[in-house]
Amino acid sequence: MGAPSTSPSPSPSPPAPPEASSPELPLLRLRCGVQQYAWGRRGAASLVARLSGAPDPDPALPYAELWMGTHPAAPSAVLPGGEPLGAWLARRPAALGPAVAARWAGDLPFLFKVLSVAKPLSIQAHPDKGLAELLHAMRPATYRDANHKPEMAIAVTEFRALFGFAGIEELKDVIRTVPEVGGLIGHEDADKLMTVKEYHGGNDVKSSLQSAFAKLMTASKEAVSEAVNKLKGRLNDESKIRTLTEKEELVLSLERQYPEDVGVLAALLFNYVKLSPGEAIYIGANEPHAYLSGECIECMATSDNVVRAGLTPKYRDVQTLCSMLTYKQIFPEILRGVPVQPYVRRYTPPTDEFEVDCCLLPPGEVVVMPPVPGPSIFLVMTGEGEVQADSMSDGEKAKESDVFFVPAHTEVRLSACGHASMQLYRAGVNSRALYACNAAAAGKRSQLQNICEVAS
């Protein structure tokens with residue numbers, strides 16, 4: 001990915017000890033950073049540009065990602081003064097809630113984003129915590145933090161992605177019908193995959209798939225170039241006499257954007273996922289994926305660690321990628337959110353750092369978001385209305401592109417006005433983890449109290 005448009009700020013000073021309870025803290029308006037990576041949509045066609053608040057987006061520039069959080073690559077700033085959110089939180093750890101401040105060292109554990117994808121992102125994976133720590137220690141210039149990066153993407157428009165390895169029968173079909181891939185894998189590894197049965201067990205399939213994928217990804221530049229050009233020529237010829245499959249059409253599209261790239265061939269080995277607006281996928285550590293097109297809301301643990309190996313002009317860490325992957329063969333679960341109250345759906349991933357609520361509020365309606373023992377960030381995607389926190393006597397006007405930080409233990413009242421619905425997204429710490437942390441903390445306090453009573 002390209003250089004950030006927002007310069008990194010100094011790391012915040014160590015936070016003060018978390019307070020036992022949260023005093024009334026203000027609702028904050030945030031100014032958020034934009035990343036102008038080359039794959040982003042350009043000018044006003046980009047949702048990121050529209051949500052960035054830029055009055056006149058440059059039609060020649062890509063607006064790829066809007067970052068809402070404390071990551072130093074593009075930290076959000078508190079308005080009106082412009083203090084980095086991380087620094088503000090370091091001085092007011094009560095805004096995180098005691099459990100969050102203690103567990104995540106006084107920092108916001110999630111990074112909230114909007115993505116506008118015009119051109120496919122790299123074939124990539126994100127390391128688990130142990131590998132992230134190792135990579136950061138070995139190559140801090142490339143892997144700039146020591147955190148893992150589980151993430152969830154919620155489609156705003158039609159959204160396409162590659163995710164995870166296809167099932168064994170589909171992989172066998174690729175080897176049978178795409179000689180350009182089989183040739184780079186080699187007869188020995190191709191034969192192993194062709195003879196594997198689904199019921200042989202995970203280790204047999206994983207070993208054969210890992211060996212074959214590594215052969216493909218480490219093939220020489222000359223061999224890859226020849227194979228991609230042969231595949232392109234063959235598919236162009238065959239398209240005159242038959243209808244190409246979706247995967248074959250995708251391969252030709254990728255080749256036009258990344259000529260002679262091994263990722264063009266690797267794409268045939270992955271699941272091709274198409275999401276409708278409101279549908280989501282969760283991407284855990286060490287799972288291969290590549291976003292292809294569309295716009296989405298994304299939330300993740302606070303990290304920017306990416307291991308790349310194809311469809312990119314950037315640094316490729318092929319050996320690390322091939323060794324780190326799980327090689328699971330499963331189509332991703334499509335998440336559609338669960339209603340938690342009228343007008344609000346919640347997307348809950350299997351990770352502690354985050355969850356996302358989507359609120360679609362008709363004109364004239366009101367919804368109250370109950371207080372939670374952790375922080376939240378609200379983004380107004382469309383429409384207008386009012387946001388009122390329980391510490392405020394009057395509400396704040398809210399319109400498209402407004403971003404608010406809401407401290408822990410704060411009730412938020414949302415109301416829509418005008419002729420259109422107001423759509424908001426809220427990112428917060430996973431409720432399951434929050435209440436587990438608070439239950440554990442309550443247990444420790446009770447235990448300490450009993451000890452004190454016995455001692456007295």
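The values are calculated or read from the model by the stated rules, or taken from the named source; none is laboratory data. Just so it is clear, the model here is predicted, and its values are computed rather than measured. We place every Cβ from the backbone using ideal geometry, glycine too, and count neighbours over all the protein chains shown. To get the accessible areas, we keep the full protein, side chains included, count just its heavy atoms, and leave off ligands, DNA and RNA. Shrake-Rupley method; radii C 1.70, N 1.55, O 1.52, S 1.80 Å.
To test your reading of the geometry: what angle, between 0 and 90 degrees and rounded to tens, separates the Cα axis of helix 221-238 from the longest principal axis of the chain? Long axis of 221-238 versus the principal axis of the chain: about 80 degrees. Could you tell me how far the Cα centroid of segment 219-284 sits from the Cα centroid of segment 330-399, in Å? Here the two parts' Cα centres lie 37 Å apart. As I understand it, the dipole of the chain uses +1 on the Cβ of Lys and Arg and -1 on the Cβ of Asp and Glu, about the Cα centre. Which of Ser207, Asn430, Cys296 lies farthest toward its positive end? Among Ser207, Asn430, Cys296, the one farthest towards the positive end of the dipole of the chain is Ser207.
Given their separation in residues at 0.36 nm each and the Cα-Cα distance between them, Arg29 and Asn236 gain 69.3 nm when the chain is fully extended.
For Gly310, the residues whose amide H sits under 5 Å from its own are Ile123, ignoring neighbours fewer than 5 places away on the same chain, with H placed 1.01 Å from N.
Cut-off under 18 Å on the C-alpha distance; same-chain residues fewer than 8 positions from Lys197 excluded. Which lysines are left, in chain and number order? Partners within reach: Lys172, Lys206, Lys328. Taking a straight Cα-Cα cut-off under 16 Å and skipping sequence neighbours fewer than 8 places away in the same chain, the lysines within cross-link reach of Lys119 are Lys274, Lys314.
For the chain, the longest principal axis of the Cα atoms and the long axis of helix 431-455 meet at an angle of about 50 degrees. Per-residue SASA remark: Asp128, around 60 Å² accessible (1.4 Å probe; ligands, DNA and RNA not included).
Looking at segment 185-235, which trypsin sites (Lys or Arg not before Pro) are DSSP coil and have at most 11 other C-beta atoms within 10 Å of their C-beta? Walk me through the numbers on the way to the answer.
Working: sites: Lys192, Lys197, Lys206, Lys215, Lys221, Lys230, Lys232, Arg234; in loops: Lys197.
Here the sparse-neighbourhood loop sites are Lys197.
Ligands, DNA and RNA left out, the 1.4 Å accessible surface of the chain is 54% carbon and sulfur atoms.
Axis of helix 129-138 versus longest Cα principal axis of the chain: the two differ by about 80°, to the nearest ten degrees. In the full protein context, the chain carries 43 Å² of accessible surface per residue, based on a 1.4 Å probe and ignoring ligands, DNA and RNA. Fully extending the segment from Leu79 to Lys397 would add 113.0 nm, taking 0.36 nm per residue of separation and subtracting the current Cα-Cα distance. First select every other residue whose beta carbon is under 9 angstrom from the beta carbon of Glu255; then total the charges, Lys and Arg +1, Asp and Glu -1. For residues surrounding Glu255, the net value is 0.
At a 10 angstrom cut-off on C-beta neighbours, averaged per residue, how do the peptides 326-333, 61-68, 236-243 rank from highest to lowest?
Working: 326-333: 15.8, 61-68: 25.2, 236-243: 9.1.
Highest to lowest by the protection proxy: 61-68, 326-333, 236-243.
Placing a pseudo-label 7 Å from each Cα along the Cα-to-Cβ vector at Glu365 and Val340 gives an inter-label distance of 1.7 nm.
Convex hull over the Cα atoms of segment 274-407, averaged projected area in nm²? The partial results should precede the final answer.
On the way: hull surface 42.1 nm².
Over every viewing direction, the Cα hull of segment 274-407 projects on average to 10.5 nm².
Taken over the C-alpha atoms, segment 162-335 has Rg and Dmax values of 16.1, 50 angstrom.
In percent, how large is the relative contact order of segment 338-442, given Cα pairs closer than 8 Å and 6 or more residues apart? Kindly include the intermediate steps, with their values, before the conclusion.
Values: 253 pairs, mean separation 38.3, N = 105.
Dividing the mean separation by the residue count of segment 338-442 yields 37 percent.
Quick check for me: using +1 on Lys/Arg Cβ and -1 on Asp/Glu Cβ, what's the dipole size of the chain about its Cα centre, in debye to the nearest 20? If you can, show how the numbers build up before the last one.
Values: 44 positive and 52 negative charges, 79 e Å.
For the chain, the charge dipole is close to 380 debye.
In the chain, a dipole from Cβ-located charges (positive for Lys and Arg, negative for Asp and Glu) runs towards its positive end, and of Leu269, Ala141, Leu414 it is Ala141 whose Cα lies farthest in that direction.
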